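Below: the structure, in structure tokens.
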Number of protein chains: 2
Amino acid sequence: MSKLMKKNLKQIKTYKPGKPIEEVKRELGLKNVIKLASNESPFPPSKKVRKAIQKKLSELNRYPDGGSFYLKDAIAEKYKIKPENIIIGNGSDEIIIFAIRTFCQKNDNIIIGEPTFLMYNINAQIENIKVNKVPLSNGVYDLEQIARKINKDTKIIFLANPNAPTSTYINKLSFNKFIKKVPKSCILFMDEAYYEFACAIKDYPDTLPLIKKKGLNLIVTRTFSKVYALAGLRVGYGIANSELISAMEKVRDPFNINSIAQTAAETAIKDKDYVKKVLKEVEKGKDHLYMELDKLEYEYFPSATNFILIKTKGDSKSIYEKLLKKGVIVREMSGWGMNGYIRVTIGTDAENKKFIAELKKI
Amino acid sequence: MSKLMKKNLKQIKTYKPGKPIEEVKRELGLKNVIKLASNESPFPPSKKVRKAIQKKLSELNRYPDGGSFYLKDAIAEKYKIKPENIIIGNGSDEIIIFAIRTFCQKNDNIIIGEPTFLMYNINAQIENIKVNKVPLSNGVYDLEQIARKINKDTKIIFLANPNAPTSTYINKLSFNKFIKKVPKSCILFMDEAYYEFACAIKDYPDTLPLIKKKGLNLIVTRTFSKVYALAGLRVGYGIANSELISAMEKVRDPFNINSIAQTAAETAIKDKDYVKKVLKEVEKGKDHLYMELDKLEYEYFPSATNFILIKTKGDSKSIYEKLLKKGVIVREMSGWGMNGYIRVTIGTDAENKKFIAELKKI
């Protein structure tokens with residue numbers, strides 16, 4: 001470890017992604033490997049997206065449009081907002097980084113749930129910002145406890161809704177109650193990476209109308225990595241009032257979003273039929289997995305997402321390893337402090353069946 | 001501007017990229033627009049690259065390989081180094097950000113030339129790090145003056161070699177003399193974005209063997225945005241000893257490089273014939289422009305890159321505007337404190353001729 005690096009960086013455990021298919025094939029000498037580990041879509045992106053990308057290939061010698069003009073336009077159109085309310089990130093991960101780098105300084109703190117998406121904590125550690133963790137209560141955010149934790153130095157509250165890895169969501173009633181307790185000195189960062197899977201649920205809160213609410217500093221993020229099947233291209237976006245957006249623009253690298261990613265996302269967000277079809281398939285797969293897990297008497301959280309958090313009947317590390325050897329990659333949850341749990345992404349019909357078949361054998 | 005943002009961010013002037021072709025067409029209602037503003041390659045990427053991308057399109061639902069395994073392997077192979085000596089950035093811009101975020105803390109300072117690539121200064125400002133600027137002397141780095149500026153709090157010295165926007169380079173002799181004066185407490189960051197255009201020059205320094213030199217902390221960056229014609233995909237890389245690399249890995253987002261970018265870069269670096277061809281074309285174009293500029297009695301810096309910095313015979317802003325209206329986008333240099341200068345990228349034969357023709361008319 002280099003002596004020159006900042007001290008606070010030394011203790012950071014970098015994020016450990018789900019194992020890529022290629023890597024498992026390489027390491028275990030397997031031919032057929034399925035990945036249910038990273039909450040990706042099991043389907044390829046829409047044909048329209050692939051076609052749009054092909055059209056751009058001969059222009060890759062040019063720098064991307066630094067302002068993502070057409071992509072912002074398409075997002076603005078979809079949500080009936082203005083381009084000035086949008087910032088584009090290299091994945092919504094990058095919006096987390098933007099927010100912390102723009103707003104947090106020495107002695108500030110952020111509040112997050114526990115367990116939750118790991119990148120809030122990692123990025124705050126990188127910036128040497130204090131992280132207050134509030135344990136979930138029965139798998140859902142304890143918003144009253146979070147409200148009590150807010151102090152004058154609290155700069156950002158990160159809520160993933162739905163939350164990963166629990167797949168649970170904050171409902172409208174709790175959310176509306178909570179936002180009244182968020183002071184003006186503080187930003188509420190709603191990470192809605194799984195929005196498309198949850199938005200049909202009746203009491204799932206609709207956050208976008210609130211970006212203009214006076215006295216509330218709200219940033220909402222969404223992504224093209226899940227339902228749009230563009231995880232490989234890294235595009236996410238943040239929506240907020242124009243003051244918060246232009247503040248975050250200060251720390252954005254001018255060419256953070258590559259041309260292919262811009263084109264693909266712009267095309268994807270307009271392809272409504274594709275999204276409908278994927279959502280339908282995911283719901284079908286979810287129902288199938290619920291049924292099979294019920295039969296096997298496994299406990300799990302009801303999911304507002306494209307994945308299921310399952311309580312195993314033993315050591316989750318050993319179950320993870322056994323599944324891996326059979327060519328089924330899932331996520332083992334001890335890194336989130338949830339030993340005994342595995343997280344399984346809803347795959348194609350064949351993948352779901354393969355997972356259940358291998359689980360039965362263990 | 002949001003009251004919540006960090007104070008030091010308020011005064012930052014964000015980077016103003018060269019105008020994109022699409023934007024100029026849109027704004028000025030022009031059909032034929034050429035861009036000689038961003039030191040891009042005027043040629044599309046190699047056919048092999050485009051083919052490799054097409055193969056990946058159906059897999060975009062998967063997250064990229066966070067470790068860029070195959071790309072690092074290809075770079076390591078080319079330079080006979082190890083993957084552990086390489087970090088991949090979303091453009092080499094991102095390696096600048098990594099270095100500053102990893103190594104610089106309060107009270108540290110960095111040293112840069114003036115004028116030079118603007119992102120060193122901008123990224124240091126974002127992190128609230130003091131920037132010491134040492135003016136170039138007759139268009140080249142004043143390394144003696146820079147050595148004199150080093151103090152105990154100097155954490156990084158950024159040298160672009162060749163330098164943008166001057167297109168000049170530091171020669172072997174000066175470089176070898178200079179590195180003896182860089183203390184152990186300090187990192188020497190050699191930005192070699194234009195390496196491929198300069199490396200055939202006899203006294204251009206070969207930096208890679210020095211990454212293992214004891215007592216020297218050297219980071220070398222190169223990019224796929226120039227000769228490889230992949231500016232649109234944003235891939236750059238840093239080469240250093242494994243301690244410096246693993247330190248910077250702490251601040252890298254796990255999925256900073258998208259799948260298409262990885263595949264394209266991996267394929268591009270292996271396509272040696274393509275690179276040779278491009279370099280030949282650029283040299284030819286450069287000679288043509290030199291000849292025409294000489295005829296017109298314009299002064300310019302001899303270029304070790306794919307662009308030429310030209311002293312205009314009047315107000316560079318008005319010349320820039322006049323060229324723009326004719327559909328020729330160049331870079332106007334007052335943002336670098338060089339009023340009266342324009343920077344022109346070497347284009348295709350037709351583009352170079354068009355530029356000269358329009359320049360003559362002014």
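The values are calculated or read from the model by the stated rules, or taken from the named source; none is laboratory data. If you're wondering where the values come from, they're calculated on a predicted model, not measured in any experiment. A quick note on method: Cβ atoms are made from the backbone with ideal geometry, for glycine too, and the neighbour counts reach across all protein chains shown. What goes into the accessible areas is simple: the full protein's heavy atoms, side chains included, and nothing from ligands, DNA or RNA. Shrake-Rupley method; radii C 1.70, N 1.55, O 1.52, S 1.80 Å.
Quick notes on this one:
- Share of carbon and sulfur in the accessible heavy-atom surface of the stretch B:230-274 [1.4 Å probe, %]: 44 percent
- Å² of accessible area per residue within the stretch B:116-180, as computed with a 1.4 Å probe and no ligands counted: 41 Å²
- Length, then width, then depth: along the principal axes, the Cα atoms of the protein assembly as shown run 84, 51, 49 Å.
- Note on the stretch A:1-106: Rg/Rh from C-alpha atoms, Kirkwood Rh, equals 1.05.
- Cα principal axis extents for the stretch B:247-362, largest first, Å: 50, 33, 26
- Accessible area per residue for the stretch A:253-313 is 45 Å², calculated with a 1.4 Å probe on protein heavy atoms, without ligands, DNA or RNA.
- Computed FRET value (nearest 0.05) for B:Lys55 with A:Thr14, which takes r as the C-beta separation and R₀ as 41 Å: 0.90
- B/A buried area, accessible surface, summed, 1.4 Å probe, Å²: 6700 Å²
- Shielding by partners for peptide A:224-232, expressed as the average number of C-beta atoms from other protein chains within 10 Å of each residue's C-beta, is 5.
- Histogrammed with a bin width of 10 Å, the alpha carbon distances of chain B distribute as 5, 23, 32, 27, 12, 1 percent, first bin at zero.
- Estimated from the Cβ-Cβ distance and a Förster radius of 51 angstrom, the FRET efficiency linking B:Lys280 and A:Lys3 is about 0.70.
- For B:Lys56, the aspartates and glutamates whose Cα comes closer than 14 Å to its Cα, not counting residues fewer than 8 places off in the same chain, are A:Glu22, B:Asp65, B:Glu266.
- Considering only A:Leu216, A:Leu233, A:Leu60, the mean-square fluctuation computed in a Gaussian network model of chain A, springs between alpha carbons under 10 angstrom, is largest for A:Leu60.
- Nitroxide proxy distance, nm - points 7 Å out along Cα→Cβ at B:Asn138 and A:Lys47: 6.5 nm
- Inter-chain Cβ neighbour average for residues B:42-55, partner chain, 10 Å: 2
- Accessible surface computed residue by residue for the stretch B:1-100, with neighbouring protein chains in place and a 1.4 Å probe, gives 48 Å² per residue.
- Rg(Cα)/(2.2 N^0.38 Å) for the stretch A:76-121, N = residue count: 1.44
- Dividing the alpha-carbon radius of gyration of the stretch A:168-267 by the rule-of-thumb value 2.2 N^0.38 Å gives 1.18.
- Pairs with C-alpha atoms separated by more than 29 Å, drawn from the list A:Lys130/B:Lys181; A:Lys284/A:Lys360; A:Lys3/B:Lys13; A:Lys35/B:Lys250, are A:Lys130/B:Lys181; A:Lys3/B:Lys13.
- Over the C-alpha trace of the stretch B:38-165, radius of gyration and Dmax come out as 18.6, 55 angstrom.
- Given charges at Cβ of Lys, Arg, Asp, Glu: the stretch B:1-99 dipole, positive-most of B:Ile87, B:Ile97, B:Tyr63: B:Ile97
- Take B:251-258, B:32-39, A:92-99 and order them by the average number of nearby Cβ atoms within 10 Å per residue, most first; the result is A:92-99, B:251-258, B:32-39.
- Here the spin labels are modelled as points 7 Å beyond Cα on the Cα-Cβ line, and at B:Leu28 and A:Glu243 they lie 3.8 nm apart.
- Taking the charge dipole of the stretch B:201-336 about its Cα centre, with +1 at Lys and Arg Cβ atoms and -1 at Asp and Glu Cβ atoms, the residue from B:Ile308, B:Ile260, B:Gly215 reaching farthest to the positive side is B:Ile260.
- Per residue of A:15-26, other chain Cβ atoms within 10 Å of the residue Cβ number 3 on average.
- Remark: for residue pairs A:Lys25/B:Lys78; B:Lys16/B:Lys213; A:Lys214/B:Lys133; A:Lys25/A:Lys226; A:Lys325/B:Lys51; B:Lys276/B:Lys353, the C-alpha separation exceeds 31 Å in B:Lys16/B:Lys213; A:Lys214/B:Lys133; A:Lys325/B:Lys51.
- Tail fraction, Cα-Cα pairs, the stretch B:23-62, threshold 10 Å, whole percent: 78 percent
- Burial of 50 Å² or greater, the stretch B:88-119 residues [accessible area, probe 1.4 Å, versus chain by itself]: B:Asn90, B:Arg101
- Heavy-atom surface analysis with a 1.4 Å probe gives the stretch A:1-86 a carbon and sulfur content of 51 percent of its accessible area.
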